[in-house]
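> I have a structure I would like to understand better, so I am pasting it below and will then ask my questions one at a time.
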Amino acid sequence: MALPYFPIDHTDFKITMGLQALRAAPWVEIDAHYGHDTALKKELIDNNRKTVFSAIEQSCDAQRQVLALIENEISTYYPQHLQTELQADESPLVQAASMVQEDLVLMQKIDGRIILSAACVCFPSGWNLLDKMGLEMQDIHLPVPGLNNRIGKSIDQFLEKLVPGKLVQRFNWGLFDDPALHQPEGHRISRKAQSDITKANIGENIFFRVEKQTLQRLPTGNGILFTIRIFNTPLKEIAAEPSKSAGLLHQLQTMPDAMRKYKSVSQYETLIFDYLNT
């Protein structure tokens with residue numbers, strides 16, 4: 001896939017919220033991979049439902065609001081993909097997620113705490129939904145080295161103050177030795193380094209994985225919708241553009257060791273550095 005987003009500049013690496021206002025553009029993106037991605041979602045929901053969907057009872061109204069938002073977004077920008085025959089007994093959030101390539105996550109303030117109350121996450125980047133259910137944001141982010149110390153309180157404050165009608169987006173990225181969309185926790189950690197990956201072919205076998213996230217408060221109640229969309233591209237496409245290659249290399253070289261291990265495929269770090277440096 002050609003890379004539509006490259007959330008890296010030439011400054012030293014630092015942890016930031018990286019929020020950008022999202023005004024004119026649709027917050028759902030449908031592209032040529034729509035058929036493949038939604039079919040894979042259906043397969044995961046049918047065969048691995050307990051691992052890709054979870055919800056608490058208090059999320060039912062918020063789920064219905066998400067479905068209405070998704071239906072409106074698709075009918076406005078992609079009417080050919082609007083599904084009119086949905087399973088009546090299905091969760092509204094699963095219905096909504098089945099129509100888009102994005103994963104959908106709901107946070108709600110319940111008993112004074114903003115927690116993950118419902119989600120349909122078919123394409124995680126190294127985490128498991130069931131481990132995060134019912135947690136507050138700082139607990140969800142515990143595996144990310146240094147994040148809570150740096151911006152944990154700022155994230156909480158932002159979520160508290162977010163108002164309906166204000167949409168924002170942000171980006172995460174990482175390096176994976178597998179282009180699979182569905183990569184739960186342990187998927188790459190348990191994988192052994194592929195001995196046939198060398199400097200000569202690493203560009204085709206390491207993938208720059210971008211998460212585009214959007215955030216918005218629901219029209220009524222206290223729910224906040226996160227969407228997460230995955231974009232993969234081979235490292236060779238980054239290396240083909242000297243400015244992007246230099247930016248990625250500088251970010252990797254200036255981030256703390258723990259974050260570099262979290263962001264990159266540690267088994268191939270020397271190869272990646274050498275490849276980007278040529």
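> Just to check your reading of the model, which residue among Leu116, Leu106 is touching a Gly at 6+ places or on another chain (Cβ under 8 Å), of a type outside the set (S, T, N, Q), closer than 22 Å to Asp37 by Cα and not in a loop (DSSP other than H, G, I, E, B)? So that I can check it myself, show each step before the final result.
Details: Leu116 fails: closer than 22 Å to Asp37 by Cα.
After applying the criteria, what remains is Leu106.
> Taking only pairs six or more apart or across chains, which ones have beta-carbon atoms under 8 Å, a first residue in the range 200-219 that is more than 12 Å from Leu248 (Cβ to Cβ), and a second residue that is among the polar types (S, T, N, Q) and assigned to a helix (DSSP H, G or I)?
Cβ pairs passing all conditions: Leu218/Gln65; Pro219/Gln65.
> Pick out, from the range 194-278, the helices (runs of 4 or more DSSP H) lying fully within it that include 3 or more residues that are of a type in the set (Gly, Ala, Ser). Working first, answer last.
Details: elements: 202-205, 235-239, 242-254, 257-263, 269-276.
In the range 194-278, the matching helices (runs of 4 or more DSSP H) lie at 242-254.
> Next question. Quick one: in the range 115-167, of everything that is under 24 Å from Gln101 (Cβ atoms) and charged (D, E, K, R), which residue is farthest from the chain's Cα centre (by Cα)?
Lys166
> Mind listing whichever residues of the range 19-37 are free of Cβ contacts under 8 Å to residues at least 60 places away in the same chain and not in a loop (DSSP other than H, G, I, E, B)?
In the first step, residues of the range 19-37 are kept if they are free of Cβ contacts under 8 Å to residues at least 60 places away in the same chain; the result is 24-26, 32, 35-36.
Within the range 19-37, Gly35, His36 qualify.
> Has the range 252-268 got any residue that is at pLDDT 95 or above, β-branched (Val, Ile, Thr) and under 23 Å from the mean Cα position of the chain (by Cα)?
no
> Kindly indicate the residue of the range 38-49 that is more than 14 Å from Glu90 (Cα to Cα) and part of a helix (DSSP H, G or I) and also farthest from the chain's Cα centre (by Cα) among those meeting that condition.
Taking the range 38-49 as the starting set, the residues that turn out to be more than 14 Å from Glu90 (Cα to Cα) are 38-41, 43-44, 47-48.
Adding the requirement that they be part of a helix (DSSP H, G or I) leaves 38-41, 43-44, 47.
Values: Thr38: 16, Ala39: 18, Leu40: 16, Lys41: 15, Glu43: 19, Leu44: 17, Asn47: 22 Å.
Among those residues, the one meeting the criterion is Asn47.
> Could I ask something else about it? Tally the residues that are within 19 Å of Gly126 (Cα to Cα) and polar (S, T, N, Q), restricting the search to the range 233-270.
4
> Could you list, in sequence order, all residues of the range 36-55 that are of a type in the set (Val, Ile, Thr) and either touching a Cys at 6+ places or on another chain (Cβ under 9 Å) or under 12 Å from Val121 (Cβ atoms) (or both)?
First, pick out the residues of the range 36-55 that are of a type in the set (Val, Ile, Thr): 38, 45, 51-52.
Result: Ile45, Thr51, Val52.
The values are calculated or read from the model by the stated rules, or taken from the named source; none is laboratory data. Everything quoted here is computed from the prediction, not taken from an experiment. Glycine also receives a Cβ, built like all others from the backbone with ideal geometry; neighbour counts cover every protein chain displayed.
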